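Scroll down for the structure; my scribbles are underneath it.
The values are calculated or read from the model by the stated rules, or taken from the named source; none is laboratory data. Treat the numbers as computed from the prediction; the structure is a model and nothing was measured. Because the Cβ atoms are built from the backbone with ideal geometry, glycine has one as well, and the counts that use them run over all protein chains shown.
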Amino acid sequence: MSTANTPQRSNARWWALALIALAQFIVIMDSSIIGVALPHMQADLGFTQSGLSWVFNAYVIALGGMLLLGGRLSDLFGPRRIFTTGWVVLAIGSLVAGFATDVGVELTGRVLQGVGSALIAPAALTMLMMLFGSNPKELTKAMAFYGAAAPAGGTAGVFLGGVITEFISWQWVFFINIPVAVIALIATGPLMPGGKPGAHGSVDVFGALTVTLGLAAVVFGIVRAEVAGWSSSEPWIAIGIGVVLLVIFFVSQKVKAEPLMRLSIFRSPNLASANVAQLLLGAAWIPMWFFLNLYLQQVLGFTAFPAGAALLPMTILIMIGIIALAPRIIAALGPKVPIVLGLLVFAVGLGWMSFIRPDGNYWVDAFGPSLLVAFGQVLAFIPSLETAISAAPAEEGGLASGIVNTSYQVGSALGLAVVTAVAASYGAGRLGNPEALTNGFSAAFIGAGVIALVGAVLTLITFRTRSGAPEPDSTEPSPVAG
């Protein structure tokens with residue numbers, strides 16, 4: 001008999017939600033906290049200018065590529081066990097990255113961090129559904145807290161990275177994970193639902209490898225094109241190898257008896273549409289954050305600490321909006337309208353941001369458009385995330401969690417790679433030339449805005465709505481006994 005709704009368990013659920021939100025915060029923070037520290041790492045470890053981007057890419061690709069495996073393992077062995085394992089792997093990877101003395105060891109640590117996060121993220125989201133899935137109102141509220149942790153982690157990572165690098169050392173952008181992991185491991189036992197594995201079968205290691213290596217090859221080809229040029233065969237060969245590996249992955253998923261990702265899951269109403277929205281949100285949000293930070297530092301002359309502080313208004317708006325506003329909007333309008341409207345607002349904000357000037361200032365050029373973009377994120381993020389999770393059958397909650405997290409992270413990696421190539425072609429690599437940098441960053445914001453606009457159009461066309469009351473088009477899973 002389930003104890004999920006007893007008063008004691010009901011109180012513990014909200015403490016468990018805090019731990020789940022902390023996990024999401026750390027997963028996203030670890031992709032952004034290294035930004036300000038990169039020049040120091042380059043000097044100490046010997047990274048080349050083009051190779052430096054792989055400190056970011058190694059983490060994001062390992063995370064995005066292994067999330068499906070994390071979701072499958074969560075379904076097979078139980079989310080609490082995989083959640084715990086993920087924190088252990090993340091802590092080990094953080095130690096390796098922090099103590100690294102050369103490029104190879106540093107990237108190995110970042111890959112391990114990504115693998116650990118790929119185990120944590122889908123398991124955390126599965127346990128959120130176990131705890132709150134039986135009550136739609138509580139689920140929306142829980143999703144709001146969970147969703148607020150993602151942009152908070154991304155922006156806080158920039159701020160904390162600046163503080164840590166400036167006042168301690170760059171190694172501590174990795175070591176900061178260790179005490180957090182210890183706290184999470186101690187709290188997991190008493191707070192998190194044990195549940196029972198809902199699936200049986202084997203682990204598709206071949207699928208995990210092909211999708212991860214395929215993504216890595218595609219991103220490498222796009223990033224390499226900045227150096228070798230698009231007329232060179234090198235980036236096209238890498239992209240071609242990546243596409244072949246991804247095709248092999250999808251074919252193997254179709255023919256395998258126990259695939260990593262059961263393709264028929266996308267027959268669930270709106271699951272595919274919601275995942276596309278999440279993918280394009282990531283593809284627009286991460287480039288915006290990345291190049292806005294560069295504009296503040298390389299054009300307006302902000303140092304690390306003020307640049308991080310300048311992004312805090314966005315974080316505050318997103319956290320308040322997602323927690324207080326998003327649930328009410330979803331209850332009133334259902335998921336489709338907020339997703340479409342949010343992506344449109346996102347695109348308009350990025351269009352406004354593209355008018356940045358080389359002799360501008362934060363309050364005129366960045367503050368207003370950044371808040372408009374943040375409001376678009378408030379509207380679109382939670383309804384697309386909740387739909388992507390709740391549309392799947394309960395026994396495949398881990399798979400659905402892995403898919404939606406993969407969509408967002410893959411979108412982030414590919415979006416940043418593509419928009420970076422666009423920005424570079426308009427002068428974003430010409431350090432010391434404010435006009436050229438501004439032209440490149442402006443092109444980046446336009447590119448990200450186009451991505452958001454495409455997301456709005458696709459959602460409008462593909463997202464199905466029910467007649468009658470505007471409620472989310474989903475099948476709510478039943479809680480699993482804790």
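Condition check ((1) under 20 Å from P434 (Cα atoms); (2) surrounded by fewer than 16 Cβ atoms within 10 Å (Cβ to Cβ)) across all residues:
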| site | (1), (2) |
| --- | --- |
| P313 | no, yes |
| M319 | no, no |
| P327 | no, no |
| P338 | no, no |
| W352 | yes, no |
| W363 | yes, yes |
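Residues that are of a type outside the set (S, T, N, Q), part of a helix (DSSP H, G or I), in the same structural domain as R13 (by TED's automatic domain parsing) and at pLDDT below 90 do not occur anywhere in region 168-176.
Matching residues to (1) outside the structural domain of A184 (by TED's automatic domain parsing); (2) without any contact (Cβ under 8 Å) to a residue 40 or more places away in the chain; (3) crowded, with 24+ Cβ neighbours inside 10 Å:
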| residue | (1), (2), (3) |
| --- | --- |
| L95 | no, no, no |
| D102 | no, no, no |
| G116 | no, yes, yes |
| L125 | no, no, yes |
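The requirement of being assigned to a helix (DSSP H, G or I), over 28 Å from A428 (Cα atoms), without any contact (Cβ under 8 Å) to a residue 24 or more places away in the chain and outside the structural domain of V373 (by TED's automatic domain parsing) is fulfilled nowhere in region 225-245; no residue meets it. Per the listing G429, G447, G398, G455, the residue uniquely in the same structural domain as A124 (by TED's automatic domain parsing), at pLDDT below 75 and crowded, with 24+ Cβ neighbours inside 10 Å is G398. Cβ separations smaller than 7 Å between residues 6+ apart or across chains give the following pairs from region 251-276 residues that are in contact (Cβ under 8 Å) with a residue 60 or more places away in the chain to residues that are surrounded by 18 or more Cβ atoms within 10 Å (Cβ to Cβ) and of a type in the set (V, I, T): M261/I403; N270/T387; S273/T459; A274/T387; N275/I403; N275/V404. None of M129, M143 is in contact with a Gly (Cβ under 6 Å, 6 or more places away or on another chain) and either in a helix (DSSP H, G or I) or over 18 Å from W15 (Cβ atoms) (or both) except M129. I need the full set of residues from region 374-391 which are surrounded by 24 or more Cβ atoms within 10 Å (Cβ to Cβ) and more than 16 Å from the chain's Cα centre (by Cα), in order please. Listed by number, the residues that qualify are G376, L379, T387, S390, A391.
Can A272 be described as touching a helix residue (DSSP H, G or I) at 6+ places or on another chain (Cβ under 6 Å), under 30 Å from V36 (Cα atoms) and of a type in the set (G, A, S)? So A272 does not fit the description; no. For region 322-367, filtered to residues that are among the aromatic types (F, W, Y) and outside any loop (DSSP other than H, G, I, E, B), the residue that is nearest to I446 (Cα to Cα) is W352. Taken over region 361-387, residues that are farther than 18 Å from V457 by Cα, in contact with a Leu (Cβ under 7 Å, 6 or more places away or on another chain) and small (G, A, S) amount to 3.
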